[in-house]
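Derivation of every value follows stated rules applied to the coordinates shown; laboratory data play no part. In this text the structure is predicted, and so the values were computed from the model without any measurement. Neighbour counts are summed over all protein chains in view; Cβ atoms, including those assigned to glycine, are modelled from backbone coordinates with ideal geometry.
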Amino acid sequence: MSETIEPQQPERDDSPNRDDSSLSQSEESPQRWVRTPPIDIYETEEGLVLCADLPGVSAENLDLQVQDNRLTLFGRVDMPNDRLETLVHQEYHQGDFLRSFILSDDVDHERISAKLTDGVLEVRLPRVPRSQPRKISIQAD
Amino acid sequence: MPVFRWGSAFDAFRDLEREVDRWVRSMDIAFENPRIGRPYPMLNLYDLGSEYLITAELSGCTAAELDLTVANGVVTMRGKRTPAGDVPEDRFRRRERPIGNWERSISVPERINDDDVRAELNDGLLKLYLPKTPSAAPKQIPVTKGRSEISNENATEGESR
């Protein structure tokens, strides 16, 4: 089986969001970053399971969509503190999570399900059921 | 009629620049995704004036699994990241999320009131509030005009202005 799911390299990785929408926000929070979450992908009997670490993302702030074989996840993180001048020590950038994947035709788009627990997203990507060979009866005149 | 135009030549440079950019970025991702050498969990420290705030990215960790202690201004947190389910190694197509036991301790720059430490864990993001002790708050020292010698009082006054 060929690669059923291929993580795409994000167009922007750990770079400040330069969308127009973010520009208006930038006055309040000048450093809003888009980050690439780490993921796991493993196979099961039914298909594939994708897990992503999205700390700080709640279910209502998570946007997951499939369009033209591309699965995109975007998780908004509520800033724990907007006042960046209070930052004394920084190891990660406050920001939102974005990553997209190319799905193969093997994935049944209609049956994709997802759940989010404690900041871990689990997306189930079931395979399209193989069509059973059907015998066509021939009628003799 | 010029055959060679600088304009289009610079376009080629821009293409090259973009190409190199893309290449460098893919290197970055290749090295970053396994998160080699990075501390876990990653945390930020904020100074909110009366208290410190530590935020740590602990996705998949529940409040019961997290062990958090504070002693002598050193905050220690430990826990374990368990892989979801019993998935055999050969089933993985991609594995970027760390697993295993982890422990981190950080020392807070000022004295903190150990009894009033609060911690919240929501959606895998830990917020730890560490209130400073009153003695750590800056104390205002009143400055009065020195009156050392009566003879040159006018001179001191002149200097202090």
Checklist entry - Going by how many other beta carbons lie within 10 Å of each one, how would you line up B:Leu53, A:Leu54, fewest first? => result B:Leu53, A:Leu54
Checklist entry - Hey, any idea what the orientation-averaged projected area of the convex hull of the range B:43-136's Cα atoms comes to, in nm²? => result 6.9
